[in-house]
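Inspection log for the structure reproduced underneath, given as structure tokens.
The values are calculated or read from the model by the stated rules, or taken from the named source; none is laboratory data. Note that this is a predicted model, so its numbers are computed, not measured. Cβ sites come from the backbone with ideal geometry, for glycine too, and all protein chains shown count toward neighbours. To get the accessible areas, we keep the full protein, side chains included, count just its heavy atoms, and leave off ligands, DNA and RNA. Shrake-Rupley method; radii C 1.70, N 1.55, O 1.52, S 1.80 Å.
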Amino acid sequence: MPVYNPPLRDMQFVMHEVLKVTDDFKAMPQHAEMDVDTINAVLEEAGKFATQVIFPLNISGDTEGCTLDQKTHEVKTPTGFKDAYKTYVEGGWAALSCDPAFGGQGLPLVVNQCFYEMMNSANQAWTMYPGLTHGAYAALHTYGTDEQKKTYLPKMTSGEWTGTMCLTEPHCGTDLGLMRTKAEPQADGTYKLTGNKIFISAGEHDMAENIIHLVLARLPDAPPGIKGVSLFIVPKFNVKADGSLGERNGIYCGGLEHKMGIHGNATAQIVIDGAIGTLVGQPNKGMQAMFVMMNAARLGVGNQSLGLTEVAYQNALAYAKDRIQMRSLTGPKAKDKPADPIIVHPDVRRMLLTAKAYAEGGRALAMFCSVLLEKAHNHPDEKVRKDSDEMLSLLTPITKAFLTDNGYNAATQCQQVFGGHGYIKEWGMEQLVRDARINMIYEGTNTIQSLDLLGRKVLGNNGATLKKFGKLVGALVMEEGVNEKMAEFINPLAVLGEQITKFTTEIGFKGLQNADEVGAAAVDYLRVAGHLVFGYFWARMAQVALREIAAGNTDPFYTAKLQTARFYFAKLFPETATLMRTARAGSKVLMDTDAALA
Ligand SMILES: Cc1cc2nc3c(=O)[nH]c(=O)nc-3n(C[C@H](O)[C@H](O)[C@H](O)COP(=O)(O)OP(=O)(O)OC[C@H]3O[C@@H](n4cnc5c(N)ncnc54)[C@H](O)[C@@H]3O)c2cc1C
């Protein structure tokens, strides 16, 4: 049976020793009193929920899946899911980082993000039910009217109602401008919606008493394309003026998708048949509000893969210590046994360390983003809010795509550690590989993330925000440039920092002549940028570890951190040289291939 131990020590390391989050919180009135002990205590309890309540349902949920009653259109989630959700709601977990004005506990977002990392490790499919609610909550919190907020946010905060995001239609995935779902204005100010959505995560289930669908649709006079899309709240059950549930709305599940992984999560085909909805934000400005949800979801998807990377690593590590096969190349290590544990083999260590380096680098980035999000919303200084928002917008596509590509890679490497047993269901590794695969696809495929990064976030503002990240790198290089012990981390980082400026300018110039040059380079570019960001955080983590060791701290945690940093810079980071080379190969080798692709 798979194992999972919440990585509390590593979370505390990043949060308190590297990022020193409570220093940032001091400037924000709502978190000024937040202290290390409180955060750690909450995370410890959160870890218990993840391991004791939802982890035991991960394999059974995958095996059983969800079932749809075609007559009632009701979906039954796997055995135990509903009870686990009840425990989650009763424990107040849904409200952890929500606004106290709507019944939330108002804890910092980074605490909630760590909770979600643990829940994703324990059971990604289950975690998507509350996870989608957070995105819908964020969109309504930002763009809802006072009336909408009063009606929906308290119930979404408590977890009594869950949320969805309904964008995709059969003919319209990446290109939301092709959307056909219609919304007709009614005399009472509401709208009547008609259309078909597919692939809607947590779109129907039996875990909560109401489901609040956020639906993109077109008004009758809407301009064509993406500029004519509006956002609507369409509840499963209409809500009466006193807040109680009214009649069933015309939005229901017409079918469940049969899919590769996350079987415990209901991916619903949603039929919208004259459902009553209310407009969120301005007409034809639906994408503005939806982007609040999508950005939250993109960070959330990166966090899903972070969770999977961690749990895959933990299981592969335990297996590699236990499984004995062959002798070490340098002579027997377990002389009392007929063979050595496979962890003696260099390549098994490479696979394990790859997953570990991706998990720990990803954790630093994910937490950094949570702090940026907090500052963007809650910092009293407007400039800090603006700078944080810009930096977050640069790092969001990197977090989504780099962490999910790495997560799938890590899951397959950890499966490989198990040899043939990794392919067999009972060990749980093949499920992790299947579950990890979707994270690269939904919430905008990773190709779309790379176009967003290079086209909009980097070239779109002449590299201004990238330069700001470069300044963080530059400051670290200045601080540690003369420290010989840091040279193995700082030197490659400094070199990449310089290279990426030239690399970006080059692609920018080529892109001015031929836009396909940007499309041809984007995926490679995102990985290079991902390594710049990971390299920065790995160098900062190594810096803390070296300081602790120099001060006489003998906690093996710091030696482990240093060894993993060395592995990362020696074996993973150098991929950037190849990526820059393949990006420079340009668009011709892709576009002048009509004969090859005939
Ligand atoms: C299990 C699951 C859960 C989902 N959950 C939800 C949900 O809750 N709500 C929701 O609304 N949707 C959801 N989706 C839909 C998901 O977000 C889409 O599948 C995804 O955005 C891609 O759209 P598509 O499948 O139509 O692919 P397409 O848009 O048809 O893309 C096909 C391929 O073409 C590439 N491509 C498209 N345009 C470009 C371009 N300009 N440049 C380069 N490459 C391009 C894509 O990257 C992709 O590789 C879910 C999907 C799945 C499978």
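Between D336 and L8, the simple label model (points 7 Å from Cα in the Cβ direction) yields a spacing of 3.2 nm.
Binning all Cα-Cα separations of region 261-414 at 10 Å, short to long from zero, yields these whole-percent fractions: 10, 25, 24, 19, 12, 7, 3, 0.
Extents of region 127-232, largest first, come to 38, 31, 22 Å (Cα atoms, principal axes, whole angstrom). Take the Cα pairs of region 272-355, get the Kirkwood Rh, then feed it into Stokes-Einstein at 25 °C and 0.890 mPa s and tell me D in µm²/s. The diffusion coefficient I find is 143 µm²/s. Could you state the number of Å between the C-alpha centres of region 535-598 and region 115-188? The distance from the Cα centre of region 115-188 to that of region 535-598 comes to 35 Å. Binning the C-alpha pair distances of the chain at 20 Å intervals from 0 yields a P(r) profile of 19, 54, 25, 2, 0 %, listed from the shortest bin outward. Taking the helices alone, the chain has a mean residue ellipticity at 222 nm of -18000 deg cm²/dmol, built from -39,500 (n - 2.57) per DSSP H run of at least 4 residues and averaged over all its residues. Here region 170-280 is treated with +1 on each Lys and Arg Cβ and -1 on each Asp and Glu Cβ, and its dipole about the Cα centre works out to around 280 debye. Counting only aspartates and glutamates at least 8 places from K86 when in the same chain, those with an alpha carbon closer than 17 Å to its own are E45, E160, E204, D206, E209. Ignoring aspartates and glutamates fewer than eight residues from K588 along the same chain, the ones with Cα atoms less than 14 angstrom from its Cα are D516, E517.
In plain terms, the C-alpha convex hull of region 511-552 casts an average shadow of 3.3 nm² when viewed from every direction. Per the Kirkwood formula applied to alpha carbons, region 529-573 shows a radius of gyration over Rh ratio, Rg over Rh, of 1.02.
Given their separation in residues at 0.36 nm each and the Cα-Cα distance between them, T447 and F557 gain 36.0 nm when the chain is fully extended. The Cβ shell under 13 Å around A41 holds other residues with a net charge of -3, Lys and Arg each +1, Asp and Glu each -1. Ranking W93, W161, W427 by solvent-accessible area of protein heavy atoms (1.4 Å probe, all protein chains present), from largest to smallest, gives W427, W93, W161. Subtracting the Cα-Cα distance of A577 and L597 from 0.36 nm times their residue separation leaves 4.4 nm of extension gain. Pairs from the list K197/K236; K182/K285; K425/K571; K400/K561 with a Cα-Cα gap above 19 Å: K425/K571; K400/K561. In this simple spin-label model, placing a label point 7 Å from the Cα along the Cα-to-Cβ direction at both A550 and N514 gives a separation of 5.0 nm. Annotation: Cα Rg of region 462-543 relative to the compact-globule expectation 2.2 N^0.38 Å equals 1.20.
Summing +1 for each Lys or Arg and -1 for each Asp or Glu among the other residues whose beta-carbon sits under 15 angstrom from that of G106 gives -4. In summary, the aspartates and glutamates within cross-link reach of K150, defined as a Cα separation below 14 angstrom excluding same-chain residues under 8 places away, comprise D99, D242.
Computed from Cα atoms alone, the Kirkwood hydrodynamic radius reported for region 30-142 is 15.2 Å.
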